[in-house]
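The values are calculated or read from the model by the stated rules, or taken from the named source; none is laboratory data. Since the structure is predicted, the reported quantities are computational estimates derived from the model, not experimental observations. With ideal geometry, Cβ positions are generated from the backbone for all residues, glycine too; neighbour counts draw on all protein chains shown.
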Amino acid sequence: MTDLSQLKGKRIVMTGGAANIGRACALLMARHGGHVVIGDIDVAGAEETAALIKKEGGAASVVPTDVTSEAAMKNLVDTAAERLGGLDVGFFNAGLQRSGAVTDFEVAEWDALFMVNPRHCFLGAKHLTPHLRERGGSIVLTSSIAGIKGGPGMTAYSASKGAIVGFGKALAAELAPHGIRVNTVCPGWIDTPFNQPAIDFMGGRDSQEEAVQQVVPLGRQGVPEEVAGGVLFLASDASSYMTGQLLVIDGGVA
């Protein structure tokens, strides 16, 4: 693995690294010298991500984690700190997607979105902050363009991702005196299976591609690696004078 050194020696705990954007971010952060501990309920997928990192000569390990459980989130953070001798970066990226008209949307689905999306960011920050207070650090949250720009069928998802936006801004103000930065990445249409519920609501892949052509100025969906570069920037000291900000990576929609 080529160590590009932007995160050399940084000790990173993250969620949602089994596939898609999370996998791309884990790989890129490891290529830049970060030591990554991945928490995910998809243990096989997370182990595959770790194996890819190790194959390239990087450092990664996995902690099985149900992000809806406070005990599991605390265990992830504490285990990562113990394995790595401390922590410098938290990347809370686990997510759940559900789409549907507001009149048809089930309360249980609404609650599930909030249990995973904003709640796990809160739990991660709650238990990571004590590990960062002595030397500072960076917390990166994954929201979505849906958190700042709504659309049909996205009421619940947008609400859950918008909660992350508000949480991140308040948390940044709260933790700034401790030298802890908090920023939020907001991806747009990124071509991964994560978006299948939205694609189904739109009537299938062809309808989605047509919509992308109409609403995305760059005329295409992004790929996970295009989000990973932004997360790397926010996690690293290259963004040392940024906190409480949104990094929108959406092809020009917002």
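If the condition is being surrounded by 24 or more Cβ atoms within 10 Å (Cβ to Cβ) and either farther than 16 Å from Asn117 by Cα or within 9 Å of the chain's Cα centre (by Cα) (or both), then the range 138-154 contributes Ser138, Val140, Leu141, Thr142, Ser143. Lys54 meets all of the listed conditions (1) within 20 Å of Ser239 (Cβ to Cβ); (2) modelled with pLDDT of 95 or more but one, namely (1). Within the set Arg31, Arg23, the sole residue that is surrounded by 17 or more Cβ atoms within 10 Å (Cβ to Cβ) and touching a residue at least 60 places away in the same chain (Cβ under 8 Å) turns out to be Arg23.
Quick check on the range 84-127: of everything there that is acidic (Asp, Glu) and in contact (Cβ under 8 Å) with a residue 24 or more places away in the chain, which residue is surrounded by the most Cβ atoms within 10 Å (Cβ to Cβ)?
Asp88
Selection of the range 52-71 for residues being without any contact (Cβ under 8 Å) to a residue 40 or more places away in the chain and out of contact with any strand residue (DSSP E or B) (no Cβ under 8 Å at 6 or more places or on another chain) yields Leu52, Lys55, Asp66, Ser69, Ala71.
Suppose we keep only residues that are at pLDDT below 95 and of a type in the set (Val, Ile, Thr) within the range 207-254. Which one would you say is farthest from Lys169 (Cα to Cα)? Top of the filtered list is Val212. Can you name the residue in the range 191-217 that is in contact (Cβ under 8 Å) with a residue 60 or more places away in the chain and surrounded by fewer than 16 Cβ atoms within 10 Å (Cβ to Cβ) and, of all such residues, is farthest from Asn117 (Cα to Cα)? Restricting to residues being in contact (Cβ under 8 Å) with a residue 60 or more places away in the chain and surrounded by fewer than 16 Cβ atoms within 10 Å (Cβ to Cβ), the top hit is Asp200.
Among the residues of the range 49-74, those identified as part of a helix (DSSP H, G or I) and surrounded by fewer than 17 Cβ atoms within 10 Å (Cβ to Cβ) are Ala51, Leu52, Lys54, Lys55, Glu70, Ala71, Lys74. What are the residues in the range 214-254 that are of a type in the set (D, E, K, R) and more than 23 Å from His35 (Cα to Cα), if any? Within the range 214-254, Arg220, Asp250 qualify. When Leu247 is tested against (1) in contact with a strand residue (DSSP E or B) (Cβ under 9 Å, 6 or more places away or on another chain); (2) surrounded by fewer than 20 Cβ atoms within 10 Å (Cβ to Cβ); (3) not charged (D, E, K, R); (4) not in a strand (DSSP E or B), exactly one condition is not met: (4).
Inspect all residues belonging to the range 165-182 and state whether any of them is on the phi > 0 side of the Ramachandran plot, among the small types (Gly, Ala, Ser), in a loop (DSSP other than H, G, I, E, B) and touching a residue at least 60 places away in the same chain (Cβ under 8 Å). Give the steps one after another, and end with the answer.
Looking only at the range 165-182, we keep the residues that are on the phi > 0 side of the Ramachandran plot, and these are 179.
Filter once more, keeping what is among the small types (Gly, Ala, Ser): 179.
Filter once more, keeping what is in a loop (DSSP other than H, G, I, E, B): 179.
Remaining after also requiring touching a residue at least 60 places away in the same chain (Cβ under 8 Å): none.
Taking every residue of the range 165-182 in turn, none turns out to be on the phi > 0 side of the Ramachandran plot, among the small types (Gly, Ala, Ser), in a loop (DSSP other than H, G, I, E, B) and touching a residue at least 60 places away in the same chain (Cβ under 8 Å).
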